[in-house]
Amino acid sequence: MLSPDEIRARFERVQAQVGPGVTVVAATKYVTLADMARLVEAGITVVGENRAQDLEAKHAEYGDAFTWHFIGHLQSNKVKVVNRICTLVHSLDSESAARRLEVPALVQVNLSGERSKSGVEPGEIPAYLAYDVRGLSTMPPAAATPDDSRAWFSRLRALAREHGLRELSMGTTQDFAVAAEEGATHVRVGSILFRD
Ligand SMILES: *Cc1c(COP(=O)(O)O)cnc(C)c1O
C-alpha cells in the first residue's frame, strides 16, 4: 500500500487528466479497513465499494470522512445497507433492487453481451426509467489498449443521450482517460491509486 502522499499525487494526476468536471471515484475493494485512513489523509473524498459487507464495515469506521458510492453487483437483499450509506449506485441491474432502492442510480449496461458480465441489455433500459435513474455505467471487455474501449464508451454515451440520461460512469485504471474523452462524468479507479 502506498503512502498518503503518493496516493494524493496519483489521485491528482488522474483528476488532472480527466478534468475538473469528472468525479474520480476511488474503487476501494483492494483497500483494507485500516488502510482507508491513508485515503482520508490523501484527501480522497469519493469512494466506491463492491460489497455491502465491506461497505458497512468501512462506513462504521470512517463514516462522514467519505461520500460512499456502490459499484459492485447489487443484490436486492443488500439494498437496505446501500440506502443507509450511499449517495449513488453505479451498478443497478435488476428491477427487484430498483424497487427497493432509495438513492439515485446508474444502470449498468452489458454492451458486449458477454455472458460472464453483469448488466442489463440496452433494450432493457426503458424499464428502469420509472426509478431514480440518472445515467448509465459499463465495464467494457478486457482490452489490449485503452483505445480498444473507445467504441464501447461512445456507444454508452449514445444510449444515455437516447434516454435523456446525463451521468456516465465508465473507465477504470486502464482506460479512464479515453472514457473522459468520450464523455464520462464518473471514472472508477483503483489500481492506479493504490498499487505499487
Ligand atoms: C475494481 C473496480 C474498478 C477499478 O478497477 P481498477 O482496474 O483497479 O482501476 C472499477 N469499477 C469496478 C466495478 C470495480 O470493481
Close pairs (9 angstrom Cβ cut-off, 6 or more residues apart or separate chains): at pLDDT 95 or above and among the hydroxyl-bearing types (S, T, Y) in the stretch 181-196, open to solvent by 30 Å² or more (accessible area, probe 1.4 Å) and assigned to a loop (DSSP other than H, G, I, E, B) anywhere: T185/G21; T185/R166; S191/Y30; S191/T172; S191/T173; S191/Q174
Do you know which residues across the stretch 120-155 are open to solvent by 40 Å² or more (accessible area, probe 1.4 Å) and among the polar types (S, T, N, Q)? T145, S154
Picking from D54, D35, D64, which residue would you name as being open to solvent by 40 Å² or more (accessible area, probe 1.4 Å) and in contact (Cβ under 8 Å) with a residue 24 or more places away in the chain? D54
Single unsatisfied condition, H73 versus (1) crowded, with 19+ Cβ neighbours inside 10 Å; (2) more than 20 Å from R8 (Cβ to Cβ); (3) within 11 Å of the ligand (Cβ to nearest atom): (1)
Inspect the stretch 92-114 for any residue being under 18 Å from G19 (Cβ atoms), open to solvent by 50 Å² or more (accessible area, probe 1.4 Å), within 15 Å of the ligand (Cβ to nearest atom) and out of contact with any Phe, Trp or Tyr (no Cβ under 7 Å at 6 or more places or on another chain) and give the result as yes or no. no
Could you tell me whether any residue of the stretch 31-49 is of a type in the set (G, A, S) and within 23 Å of M139 (Cβ to Cβ)? yes
Quick one: L136 ticks every box in (1) at pLDDT below 95; (2) within 16 Å of the ligand (Cβ to nearest atom); (3) of a type outside the set (F, W, Y) except a single one, so which number is it? (1)
Answer yes or no as to whether L2 is at pLDDT below 95 and either under 14 Å from G190 (Cβ atoms) or not basic (K, R) (or both). yes
Report yes if R84 is surrounded by fewer than 18 Cβ atoms within 10 Å (Cβ to Cβ), away from the ligand (no atom under 14 Å from the Cβ) and under 25 Å from T28 (Cβ atoms), otherwise no. yes
Every residue in the stretch 38-49 that is part of a loop (DSSP other than H, G, I, E, B) and surrounded by 20 or more Cβ atoms within 10 Å (Cβ to Cβ), please. I44
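When the stretch 6-64 is examined, which residues are found to be acidic (D, E) and within 15 Å of the ligand (Cβ to nearest atom)?
D35, E49, D54
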Conditions (1) at negative phi; (2) at pLDDT 95 or above; (3) within 16 Å of the ligand (Cβ to nearest atom): number failed by A143: (2)
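Looking only at residues in the stretch 163-196 that are within 22 Å of D35 (Cα to Cα), assigned to a loop (DSSP other than H, G, I, E, B) and within 8 Å of the ligand (Cβ to nearest atom), which one is most open to solvent (accessible area, probe 1.4 Å)? Break it down into steps so the answer makes sense when it comes.
Applying the first criterion (within 22 Å of D35 (Cα to Cα)) to the stretch 163-196 yields 172-173, 187-196.
Applying the additional criterion that residues be assigned to a loop (DSSP other than H, G, I, E, B) yields 172-173, 190, 195-196.
Applying the additional criterion that residues be within 8 Å of the ligand (Cβ to nearest atom) yields 172-173, 190, 195.
Values: T172: 39, T173: 48, G190: 7, R195: 122 Å².
For the stretch 163-196, the residue satisfying everything is R195.
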Does D64 satisfy the condition of being out of contact with any Phe, Trp or Tyr (no Cβ under 9 Å at 6 or more places or on another chain), closer than 16 Å to G190 by Cβ and among the acidic types (D, E)? no
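The values are calculated or read from the model by the stated rules, or taken from the named source; none is laboratory data. Computed from a predicted model, the values in this text were never measured in an experiment. Note that each Cβ is placed from the backbone with ideal geometry, even for glycine, and that neighbours are counted across all protein chains shown. Accessible surface is based on the protein model in full, side chains and every heavy atom, while ligands, DNA and RNA are left aside. Shrake-Rupley method; radii C 1.70, N 1.55, O 1.52, S 1.80 Å.
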